[in-house]
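Trainee: Before we start, here is the structure in question, set down as structure tokens.
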Amino acid sequence: MGENVSPWNRGIVDEFRASGGNVGGNFSGAPLLLLHTIGARSGKERVNPLMYQDLGSPVAVFATRGGAPTDPDWYHNLVAHPGVSAEIGTQTRRFRARTATGAERDRIWTKQKRDYPGFARYEAQTGRVIPVVILEPR
């Protein structure tokens, strides 16, 4: 594949693909997808494992960057190129990404923090509003 995966994420990506979307360790039992974006500057495909929230047909992902003060690179990539794909389980689906705002963002983010308290810790660590990204099927 012509994708770029950081060394940090390579083991997670490999385990995800070998197990049909199930990953152990810190992600054991969590809904995980592999987000494929196009680099905003490089134009190269990038792959990042992310927890997601199933919204029915769309899904939401969260640009936490582990509570870092800046948004993750994958977020900048999908803002520049909102046509993305994601591996969910054994299927690859195409999406159009958009950033949730207002009540929609608040509802999804509150549920994510309630279901996975680590996300509340990320929020407490950073001074920025963590983007909630809706991936809508296309």
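The values are calculated or read from the model by the stated rules, or taken from the named source; none is laboratory data. Nothing here was measured: the structure is a model prediction, and the numbers come from that model. Heads up, the Cβs are rebuilt from the backbone with ideal geometry, glycines too, and the neighbour counts pull from every protein chain shown. Only protein heavy atoms, including side chains, enter the accessible area calculation; ligands, DNA and RNA are left aside. Shrake-Rupley method; radii C 1.70, N 1.55, O 1.52, S 1.80 Å.
Trainee: Output the qualifying pairs, or none if there are none: Cβ atoms under 6 angstrom, residues six or more apart or on different chains, first residue in the range 109-128 and within 17 Å of Thr70 (Cβ to Cβ) and β-branched (Val, Ile, Thr), second residue open to solvent by 40 Å² or more (accessible area, probe 1.4 Å) and not in a helix (DSSP H, G or I).
Mentor: Cβ pairs passing all conditions: Thr126/Pro69.
Trainee: Moving on. Hey, any hits in the range 118-131 for a residue that's more than 25 Å from Glu15 (Cβ to Cβ), aromatic (Phe, Trp, Tyr) and over 12 Å from the mean Cα position of the chain (by Cα)?
Mentor: no
Trainee: Hey, another quick one. Checking the structure you have, find out if any residue of the range 34-44 is touching a Ser or Thr at 6+ places or on another chain (Cβ under 7 Å), surrounded by 12 or more Cβ atoms within 10 Å (Cβ to Cβ) and either farther than 30 Å from Asp106 by Cβ or at pLDDT below 95 (or both).
Mentor: Checked against the condition, which is being touching a Ser or Thr at 6+ places or on another chain (Cβ under 7 Å), surrounded by 12 or more Cβ atoms within 10 Å (Cβ to Cβ) and either farther than 30 Å from Asp106 by Cβ or at pLDDT below 95 (or both), the range 34-44 yields no hits at all.
Trainee: Being acidic (Asp, Glu) and either out of contact with any helix residue (DSSP H, G or I) (no Cβ under 9 Å at 6 or more places or on another chain) or open to solvent by 80 Å² or more (accessible area, probe 1.4 Å) (or both) is the filter; apply it to the range 89-138 and report the residue that is nearest to Pro31 (Cα to Cα).
Mentor: Result: Asp115.
Trainee: Does Gly24 satisfy being open to solvent by less than 50 Å² (accessible area, probe 1.4 Å), without any contact (Cβ under 8 Å) to a residue 12 or more places away in the chain and more than 24 Å from Gln125 (Cα to Cα)?
Mentor: yes
Trainee: So, in the range 40-64, of the ones that are touching a residue at least 40 places away in the same chain (Cβ under 8 Å) and more than 24 Å from Gln91 (Cβ to Cβ), which residue ends up farthest from the chain's Cα centre (by Cα)?
Mentor: Selected residue: Ala40.
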